[in-house]
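The structure appears below as structure tokens.
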Amino acid sequence: MKTLLVTGYRAHELGIFDRKHKGIEYIKRAIAAKLIPLIEEGLEWVITPGQFGVDLWACETAIELKKTYPHLKLSILTAYSNPEEKWKDDRKEYYHDLLKKVDYYGAVSKQPYSGPWQFKARDELLFRKTDGILLVYDEDSGEGSPKFFKETALRKSASEGYRYISIGQDDIQSIAEESSYRYE
């Protein structure tokens, strides 16, 4: 596998409204734990849609992993131009800092948001350009925006051998528990 789509919940779907929330670190560790073996097997690109939540935490994780694996590349492919336009200033600053560290940034539609067709076009491109997906999603915790990605990935997996890798609540919980044991 050379290219991997990494996505999942938006921050608000996880009840995370502060970038200092301790859960973010556990999610990033879970992402890193899945990415490292893939990188060592030849993964070259991590690609995200760049939405606020798992997408950007995956970007932070990939940027950190690039220190050890300098061949790793990172891309953000958004649905439309300036998706951060209506975000609060601190989130905009965070996003712009991340954009400086990605290897490729692009918007599928060069215009501002004009309709759901832009997300559909972005998602079709993401699935066409990647060999697999790492999805942070747990149906048992309730449905959310990643449901579509899971359904599409599983269909593509059955028909084309697209690789589906997931991170669920149990994965993140075990990392959190492992971390608490270290500090007791």
*Being more than 18 Å from the chain's Cα centre (by Cα), assigned to a loop (DSSP other than H, G, I, E, B) and charged (D, E, K, R) is the filter here, so list the residues in the range 125-184 that pass it.*
Glu184
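If you take the residues in the range 17-47 that are at pLDDT 95 or above and of a type in the set (Phe, Trp, Tyr), which one is least open to solvent (accessible area, probe 1.4 Å)?
If we take residues in the range 17-47 being at pLDDT 95 or above and of a type in the set (Phe, Trp, Tyr), then Tyr26 is least open to solvent (accessible area, probe 1.4 Å).
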*Return yes when Pro70 is outside any strand (DSSP E or B), more than 15 Å from the chain's Cα centre (by Cα) and within 16 Å of Gly106 (Cα to Cα) and no when it is not.*
no
_Filtered residues of the range 2-42 (kept if more than 15 Å from the chain's Cα centre (by Cα) and either in a loop (DSSP other than H, G, I, E, B) or within 16 Å of Ile76 (Cα to Cα) (or both))_ = Lys2, Gly15, Ile16, Phe17, Asp18, Arg19, Lys20, His21, Glu41, Gly42
*Give me a count of the residues in the range 143-168 that are open to solvent by 70 Å² or more (accessible area, probe 1.4 Å) and at pLDDT below 90.*
1
*Yes or no: Gly50 open to solvent by less than 10 Å² (accessible area, probe 1.4 Å) and assigned to a loop (DSSP other than H, G, I, E, B)?*
yes
*asked:* Being open to solvent by 50 Å² or more (accessible area, probe 1.4 Å), of a type in the set (Gly, Ala, Ser) and either more than 12 Å from the chain's Cα centre (by Cα) or at pLDDT 95 or above (or both): is that true of Ala62 here?
replied: no
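One line per residue, one yes/no per condition, for (1) more than 22 Å from Ile133 (Cα to Cα); (2) of a type in the set (Val, Ile, Thr); (3) in contact with a Pro (Cβ under 7 Å, 6 or more places away or on another chain); (4) buried (at least 16 other Cβ atoms within 10 Å of the Cβ):
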position	(1), (2), (3), (4)
Glu84	yes, no, no, yes
Lys100	yes, no, no, no
Asp103	no, no, no, no
Gly106	no, no, no, no
Gly115	yes, no, no, no
_Options Asp131, Asp140: the member that is surrounded by fewer than 19 Cβ atoms within 10 Å (Cβ to Cβ) and under 16 Å from Val6 (Cβ atoms)_ = Asp131
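The values are calculated or read from the model by the stated rules, or taken from the named source; none is laboratory data. Bear in mind the structure is a predicted one, so any value in this text is a computation, not a measurement. Here the Cβ is made from the backbone with ideal geometry for all residues, glycine too, and neighbour counts use every protein chain on show. Quick note on the areas: whole protein, heavy atoms, side chains included, nothing else; ligands and nucleic acids left out. Shrake-Rupley method; radii C 1.70, N 1.55, O 1.52, S 1.80 Å.
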